[in-house]
């Protein structure tokens, strides 16, 4: 019998949400074994995992790509549960260099799903994205909302999402598809709006806003996402296998208002707000339904936006060494 209560394989766990989830799981379930598979591309950072965990027998790191069947099959065969975060995730980059998005997001997901089909895995949690929906046609957006991806990134995530769905129907894949709305919090790469705004403000540089800034998003603090995933792992399998579940707050806030909130927290002038051309494939609004997450998981987001932003600003204020290495990439992509 294993010395560990459960063994979790987490793909892409050195990234933003994945690393927060690993740290959450280790804190709440110290008897679990965590297997981390990550290619350590620009967004993957082992510094997101604390040294105390990396040196712990409950954690093993494997450097590899989810598109490589050999390493994926080996690790899936050792796991009870697979949580699949690994993906390319930058909308703007996908517009100008999109091939890697389909390779990682679609082919990588196929490789992982095939490995799950061929091994005795209890549960496969596929992390999709609210971006698969495109602009909101309903208020709120539930899981039956049409999939209208508006960027190559979103299209790649939609392809992976539907691939997992087809495997559930064809191979009885024991999977749940999770569609988180816009997450923010500690250890998020500077390509994303909120850390971009915070770091720009800390340097007294312009906060660049695409278009008029009135595009709105359902912003969710990453700790709430981790709690939801915890629920998925620990409710009865019958409740979640075969389901698609949105994770959001049910409230949306414009991008320009997010910028203003960040400036207010840091006591910086609104003159730092700078409008630039809108990007192609811009989504004008996202707002999540919370019905399924409440009914299936007995979960709802707990962190108020202002509270979450305060916590996030504190992280970037106190961890300059973490983010300063990424500033050149932020400037390269103009995000």
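The values are calculated or read from the model by the stated rules, or taken from the named source; none is laboratory data. Here the structure is a predicted model, which means the values were calculated and not measured. Using ideal geometry, Cβ is built from the backbone for each residue, glycine included, and neighbour counts are taken over all protein chains shown.
In table form, for the structure just shown:
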{"quantity": "Tally, over segment 252-271, of residues that are in a helix (DSSP H, G or I), surrounded by fewer than 19 Cβ atoms within 10 Å (Cβ to Cβ) and touching a residue at least 60 places away in the same chain (Cβ under 8 Å)", "calculated": "0"}
{"quantity": "Qualifying residue in segment 274-286 (condition: buried (at least 20 other Cβ atoms within 10 Å of the Cβ), in contact (Cβ under 8 Å) with a residue 24 or more places away in the chain and not in a helix (DSSP H, G or I))", "calculated": "yes"}
{"quantity": "Qualifying position, being modelled with pLDDT under 95, crowded, with 18+ Cβ neighbours inside 10 Å and within 30 Å of residue 6 (Cα to Cα), among 105, 161", "calculated": "105"}
{"quantity": "Helices (runs of 4 or more DSSP H) wholly inside segment 130-248 that include at least 1 residues being in contact with a strand residue (DSSP E or B) (Cβ under 7 Å, 6 or more places away or on another chain) and either farther than 14 Å from residue 297 by Cβ or without any contact (Cβ under 8 Å) to a residue 60 or more places away in the chain (or both)", "calculated": "152-171, 193-202, 222-234"}
{"quantity": "Segment 1-56: number of residues that are touching a residue at least 40 places away in the same chain (Cβ under 8 Å), outside any helix (DSSP H, G or I) and more than 17 Å from the chain's Cα centre (by Cα)", "calculated": "5"}
{"quantity": "Lone qualifier among 326, 315 - being surrounded by 16 or more Cβ atoms within 10 Å (Cβ to Cβ), farther than 25 Å from residue 134 by Cβ and at pLDDT 95 or above", "calculated": "315"}
{"quantity": "Odd one out for residue 211, checked against (1) surrounded by fewer than 21 Cβ atoms within 10 Å (Cβ to Cβ); (2) modelled with pLDDT of 95 or more", "calculated": "(2)"}
